[in-house]
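Reading through the structure tokens given below for one structure.
The values are calculated or read from the model by the stated rules, or taken from the named source; none is laboratory data. Only a predicted model underlies this, so the values are computations on that prediction, with no experimental measurement involved. So basically every Cβ, Gly included, is an ideal-geometry build from the backbone, and we count neighbours across all protein chains shown. Quick note on the areas: whole protein, heavy atoms, side chains included, nothing else; ligands and nucleic acids left out. Shrake-Rupley method; radii C 1.70, N 1.55, O 1.52, S 1.80 Å.
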Amino acid sequence: MDKKALLELSNGLKIELPILNGTVGPGVLNIKDLYRTTGLFTYDPGFVSTASCSSAITFIDGDEGVLKYRGHSIADLAENNNFTAVIYLLLHGELPNLEQHKKFLLKIEKLSKVPEQVVNVIKAFPKTAHPMSILITCFASLSALYHERHGNNVNSEDLDFGISAIAQVPAIVAMIYRHINDQEFINANNELSYSENFLRMMFGDAFDNAKSALFAKALDKIFTLHADHEQNASTAAVRLVGSAGSSLFASLSAGVATLWGPTHGGANEAVINMLKEIEQSGDIDKFIEKAKDDKDPFKLMGFGHRVYKNYDPRARILKNACNEVLGKLEQSSELLKIAKGLEKIALKDEYFVTRKLYPNVDFYSGIIMNAIDIPSNMFTPIFALARTTGWVTQWYEMANDKETKINRPRQLYVGK
Ligand code: SDX
């Protein structure tokens, strides 16, 4: 029997609201007809209690700390699959067999050439530009190319557009890094894996074989962990822009712009800056107190999450990866020590416990990237590189969803 909710208004009007049930997860109150039948809006700033769409891509159970891509647990994918297999899984719904994986890699190689127009856009930026501002513009530049060829007709059947964005983004991010560091660009070497290729386009032959293999493996895991995350802010932005009929590339540009924010993907850069500040001051307790003081805008970066009210499963995997990478490098990391100390204090502190604030994906990711000599201003572009797969997958699902309408929320008017 379908579950329903009964809404009774003070004027005696009673309406039944169907409760929709997904494969798993909380029931969803279907309020699509609420305004038409009652003249009422719902009010939910930040969409804390609002489902904007139905999706079959990624499932998160925030209370249990569960994350699954197409039904596969994130720990299994991060430990037992490489990132290109995960890209295939997200796009096609199943992990590829050997034959499918080989064909997919050839397709990525075929679509990976970055158009000259985009290369020139990167070169046009001052070396002082934040790499995320350049990346936003690179996707916007790709939208110009797409528009020249296809106008505004959104071709949501042809996955090749999306795969071309996924195929080109490593080279684009590597070129951005080398541009702002005044270094010559390095061409792709398609003999290498997706992650090895990215590492080499970024750093050339700076590392010996052992380090290259260790770092490429760590990056591959970081890409898998950051690939998708249901309706987070940047994915919601990509879907919203696409819902108006804008091209995939224009939508990706909006996704990058959203991810840049320090409360979202920009947090990984903010975590390292915070850990360095704590290292300087030597006083962890001062920062814990600042984070707890509601008069102080300071937040413990890398802590807390809109959905996870438990340990972010990605943070747990990244924490282990930190130990593994630093162990193999026989390096100790003062920042890792501070991060672990911060976590230990916070997880026992009543302020964090009552608000269910735990480390999130951004808390440890920067420490690994720091160990790979990746500068902190490149952390969020690398997050965007990985999330391009999630944005593309979610955009196509939106574009092919019969329920998709232009996203146009209403408001509570409090003006004159
Ligand atoms: C990502 O959505 C996703 O899935 C995102 C992401 C993805 O993969 O796409 O997981 C990636 O963006 C991870 C989050 C990275 N951001 C940070 O680490 C920045 C620090 N975290 C906070 O800004 C915050 O926790 C958010 C933005 C992540 C979540 O904020 P919410 O859900 O709006 O929660 P809230 O602000 O309502 O917080 C509830 C309470 C408040 O205190 P009270 O008003 O109840 O007294 O918890 C407090 C907040 O002040 N709080 C924090 C805190 N986070 C929340 N206090 C101190 N330090 C923090 N980090």
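Of all the numbered requirements in (1) aliphatic (A, V, I, L, M); (2) touching a Pro at 6+ places or on another chain (Cβ under 9 Å); (3) within 12 Å of the ligand (Cβ to nearest atom), Val307 misses one, and that requirement is (2). Within the range 189-213, the only residue that satisfies the criterion of being more than 27 Å from the chain's Cα centre (by Cα) and either outside the structural domain of Glu109 (by TED's automatic domain parsing) or aromatic (Phe, Trp, Tyr) (or both) is Phe207.
Residues in the range 97-121 that are of a type in the set (A, V, I, L, M), under 16 Å from Asn187 (Cα atoms) and part of a helix (DSSP H, G or I): Ile108, Val118, Val119.
For Phe139, the criteria (1) without any contact (Cβ under 8 Å) to a residue 60 or more places away in the chain; (2) among the aromatic types (Phe, Trp, Tyr); (3) open to solvent by less than 40 Å² (accessible area, probe 1.4 Å) hold in every case but one, which is (1). Figure legend. Inter-residue proximity from the range 197-208: first residues farther than 14 Å from Tyr177 by Cα, second residues open to solvent by less than 30 Å² (accessible area, probe 1.4 Å), beta-carbon distance below 7 Å, spacing 6+ or different chains. Indicated pairs: Asn197/Pro170; Phe207/Phe215. Residues of the range 317-348 that are under 23 Å from the mean Cα position of the chain (by Cα) and touching a residue at least 60 places away in the same chain (Cβ under 8 Å): Ile317, Leu318, Ala321, Val325, Ala339.
For the range 58-73, the criterion of being more than 26 Å from Lys356 (Cα to Cα), without any contact (Cβ under 8 Å) to a residue 24 or more places away in the chain and touching a strand residue (DSSP E or B) at 6+ places or on another chain (Cβ under 9 Å) is met by none of the residues.
Condition test on Lys290, is it within 12 Å of the ligand (Cβ to nearest atom), in a helix (DSSP H, G or I), open to solvent by 40 Å² or more (accessible area, probe 1.4 Å) and at pLDDT 95 or above? Criteria met by Lys290.
Exactly one residue out of Val28, Val24 is under 27 Å from Tyr308 (Cα atoms) and loosely packed, with under 13 Cβ neighbours inside 10 Å, and it is Val24.
Taken over the range 56-81, the criterion of being aliphatic (A, V, I, L, M), assigned to a strand (DSSP E or B) and touching a Lys or Arg at 6+ places or on another chain (Cβ under 7 Å) is satisfied by Leu67 alone. Scan the range 246-278 for residues that are more than 10 Å from the ligand (Cβ to nearest atom), assigned to a loop (DSSP other than H, G, I, E, B) and open to solvent by less than 30 Å² (accessible area, probe 1.4 Å) and jot them down. Within the range 246-278, just Ser247 meets the criteria.
Checking the range 184-194 against the condition returns no match, with no residue being under 16 Å from Phe249 (Cβ atoms) and buried (at least 22 other Cβ atoms within 10 Å of the Cβ). Taking the range 341-387 as the range and being within 13 Å of the ligand (Cβ to nearest atom), out of contact with any strand residue (DSSP E or B) (no Cβ under 9 Å at 6 or more places or on another chain) and polar (S, T, N, Q) as the test, the residues that pass are Thr354, Ser365, Thr380. Applying the condition of being closer than 13 Å to Gly390 by Cα and open to solvent by 10 Å² or more (accessible area, probe 1.4 Å) to the range 230-245 and asking which residue is farthest from the ligand (Cβ to nearest atom) yields Arg239. On the given criteria, is Ile345 β-branched (Val, Ile, Thr), farther than 30 Å from Leu240 by Cα and open to solvent by less than 20 Å² (accessible area, probe 1.4 Å)? Taking the combined requirement at face value, the residue does not satisfy it. For the range 363-382, residues that are under 18 Å from the mean Cα position of the chain (by Cα) and open to solvent by 10 Å² or more (accessible area, probe 1.4 Å) total 2.
Yes or no, residue by residue, for (1) open to solvent by 60 Å² or more (accessible area, probe 1.4 Å); (2) touching a Lys or Arg at 6+ places or on another chain (Cβ under 8 Å); (3) in a loop (DSSP other than H, G, I, E, B):
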{"residue": "Leu17", "(1), (2), (3)": "no, yes, no"}
{"residue": "Lys32", "(1), (2), (3)": "yes, no, yes"}
{"residue": "Ser49", "(1), (2), (3)": "yes, no, yes"}
{"residue": "Ile87", "(1), (2), (3)": "no, no, no"}
{"residue": "Glu94", "(1), (2), (3)": "yes, yes, yes"}
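Yes or no: Lys123 of a type outside the set (Gly, Ala, Ser), under 23 Å from Ala386 (Cβ atoms) and open to solvent by 70 Å² or more (accessible area, probe 1.4 Å)? It is false that Lys123 is of a type outside the set (Gly, Ala, Ser), under 23 Å from Ala386 (Cβ atoms) and open to solvent by 70 Å² or more (accessible area, probe 1.4 Å).
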